[in-house]
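Chemist: Next up is a structure, given as structure tokens.
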Amino acid sequence: MEGLMICIFIIIILVCIIAIFYATIYNRFQEYIIRINEVESMIDNYLRNKYDLINRAIPIIKGNIKEDRDIFEDIVKLRSRKIGNFELYRILMDASIQLNALRNEFPDIEKSDEIKKICKQIEDIDIKIDNSTSYYNDNITIYNSLLKKFPSNIIAIFCKYKEKLFFDRK
């Protein structure tokens, strides 16, 4: 009888240790999932703000250049499409490059205070995006390493966590 009590006590202790172990690793995953989701939301907001600023700049730029040309075609096409942050980031970077090229090609654009203000806001947003993507990639690195390391990989398999992609900025 006494041996049975000791076995039950040992089993209870082992179950408690396993439960604590599971809860600790699970909570660590949740912490990184929350961080990743928060920074994804921040990046999404920054990208939307940058998109809006570039959209505001289009009519001003068209009014300041004398020739009739299609500018920011990708931005105009985006108005009717839903795309992910990775693709939106690439399109907006191309639009920023095009905006700077037009500013250099047509000096009259630089005379507009509104364009100067918009370009300054875009630069500020670009800095925020760079900082946020660095933070995002740091958290993705830790999250993905948790997925691959023992013993947290067991919890990851059990909870069906999948590897996440880095924000590559290309």
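Chemist: Per-residue HN-Hα couplings for the stretch 98-109, Karplus 6.51 cos²θ - 1.76 cosθ + 1.60 at θ = phi - 60°, whole Hz, x for Gly and Pro?
Modeler: Once rounded to whole Hz, the list reads 5, 4, 5, 5, 5, 4, 6, 6, 10, x, 4, 4.
Chemist: Label-point separation (nm) for residue 77 and residue 2, each offset 7 Å from Cα along Cα-to-Cβ?
Modeler: 8.3
Chemist: Turning to a different aspect of this structure: Dipole of the chain (Lys/Arg Cβ +1, Asp/Glu Cβ -1, origin at the Cα centre): which of 30, 42, 4 lies farthest to the positive side?
Modeler: Highest projection toward the positive end goes to 4.
Chemist: Here's something else I'd like to know. Within the set of other residues whose C-beta is less than 13 Å from the C-beta of residue 153, count the net charge using Lys and Arg as +1 and Asp and Glu as -1.
Modeler: On the way: positive: 28, 148, 149, 160, 162; negative: 163.
Charge balance near residue 153 sits at +4.
Chemist: Within 10 Å, count the other beta carbons around each residue, average over each peptide in 138-146, 155-163, 4-12, and list them highest first. The partial results should precede the final answer.
Modeler: Numbers: 138-146: 16.2, 155-163: 12.8, 4-12: 9.7.
The most tightly packed comes first, giving 138-146, 155-163, 4-12.
Chemist: Counting only pairs 8 or more residues apart or on different chains, how many lysine pairs in the stretch 93-149 have their Cα atoms under 23 Å apart?
Modeler: On the way: 111/120; 116/128; 117/128; 120/128.
Lysine pairs meeting both conditions in the stretch 93-149 amount to 4.
Chemist: Can you check what the Kirkwood hydrodynamic radius comes to for the stretch 1-111, Cα pairs only, in Å to one decimal? Write down the numbers at each step before the final one.
Modeler: Numbers: mean 1/r = 0.0535 Å⁻¹.
Final number for the Kirkwood radius of the stretch 1-111 is 18.7 Å.
Chemist: Under a point-charge model restricted to the Cβ atoms of Lys and Arg (+1) and Asp and Glu (-1), what is the dipole moment magnitude of the chain relative to its Cα centre, in debye to the nearest 20?
Modeler: Numbers: 26 positive and 25 negative charges, 62 e Å.
Computed about the Cα centre, the dipole is about 300 debye.
Chemist: Continuing with this model, one more query. Compute the distance in nm between two label points, each set 7 Å from the Cα along the Cα-to-Cβ direction, one at residue 56 and one at residue 160.
Modeler: 4.4
Chemist: Ok, one more. Could you calculate the FRET efficiency of residue 26 with residue 137 from 1/(1 + (r/R0)^6), where r is the beta carbon distance between them and R0 is 35 Å, rounded to 0.05?
Modeler: My answer for the efficiency is 0.90.
Chemist: For an R0 of 41 angstrom, estimate the FRET efficiency from the Cβ-Cβ distance between residue 116 and residue 168 and round to the nearest 0.05. Write down the numbers at each step before the final one.
Modeler: Numbers: r = 31 Å, r/R0 = 0.76.
Between residue 116 and residue 168 the formula returns 0.85.
Readers should treat all values here as calculations from the given coordinates under stated rules, not as data from a laboratory. Quantities reported herein were computed from a predicted structural model and do not represent experimental measurements. Because the Cβ atoms are built from the backbone with ideal geometry, glycine has one as well, and the counts that use them run over all protein chains shown.
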